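One structure is given below, encoded as structure tokens.
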Amino acid sequence: MVDGDDASVSDTLASVVLGTSAVHFGGKPKARIAIAELLGEDVPDFEGADAAAERLVAASLFASARRVAVATSAPQRFVRERLEARGVEVVPLDGGLLPAVDVIVTGAIAVTSRGQRCGRGLGTTDFAFAAQRERGFAPPPVVTTIDERQLVRFFPSYEHDVDLTLVATPERLLEIPGPQYAPSGIRWSEVTADHRARMPWLAALRGAVDATHDQR
């Protein structure tokens with residue numbers, strides 16, 4: 001079932017209701033609209049989000065995690081609660097320039113079984129991950145929790161997009177076969193005025209990067 005560029009959102013939504021895993025989206029904007037209309041909000045706070053969180057944090061990659069960045073979107077509050085109960089340091093994903101973290105727990109509107117992720121289109125997760133690489137930190141795995149209806153067949157990815165390593169639903173844990181695509185740093189040519197306004201830390205990081213290059 002293909003959602004081409006000419007397909008209406010209502011047609012796409014009808015397909016989604018029949019089963020999102022069969023839907024091939026021609027672009028991320030249509031995926032956002034269709035899932036939001038189906039589940040009622042842009043980053044759905046779905047039934048069973050607590051069970052998905054429990055399944056996620058039981059994964060082996062959290063066994064040695066000491067500091068984790070977690071999105072402030074509603075479904076991920078259960079992840080935050082469980083990690084804090086373990087004594088893990090939790091930092092907000094959208095709280096500014098992150099320190100080195102062991103895992104990034106992001107929100108999602110739609111994902112594919114290949115690990116592609118469609119978020120709100122703000123770039124928060126992609127920039128946070130790229131900044132880790134830019135500063136020489138080990139690349140943290142990026143994971144999320146979703147409702148099963150947010151799992152779709154396809155939408156296009158871009159060079160700045162970060163693939164997911166794990167996806168947890170209330171029913172299962174989906175381990176993404178590697179290797180996952182991960183950018184090596186921030187694509188500075190793609191940073192817009194809107195990005196800089198919403199993430200002021202980008203300017204400070206760019207200054208630090210330029211200063212380092214000047215010293216070489």
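Every number here is computed from the coordinates shown, using simple stated rules; none is lab data. Here the structure is a predicted model, which is why all the values come from computation and not from measurement. Glycine gets a Cβ as well: all are built from the backbone with ideal geometry, and neighbour counts include every protein chain shown.
Quick notes
- Using a Förster distance of 30 Å, the FRET efficiency for D45-A208 (Cβ separation, nearest 0.05): 0.25
- Gain on full stretching of the segment that runs from L38 to A197 - 0.36 nm per residue minus C-alpha separation: 54.1 nm
- For peptides 190-201, 123-134, 92-103, sequence by mean Cβ density within 10 Å, most packed first: 123-134, 92-103, 190-201
- Rounded to the nearest whole Hz, the Karplus-based 3J(HN,Hα) values (6.51 cos²θ - 1.76 cosθ + 1.60, θ = phi - 60°) of the stretch 134-150 follow the sequence 4, 8, x, 7, 4, x, x, x, 10, 9, 7, 10, 9, 7, 4, 6, 8, with x at glycine and proline.
- Potential lengthening between A74 and E190 on full extension [0.36 nm per residue; Cα-Cα distance subtracted]: 38.9 nm
- Annotation: extensible slack from R172 through R114 equals 19.3 nm (criterion: 0.36 nm per residue apart, minus Cα-Cα distance).
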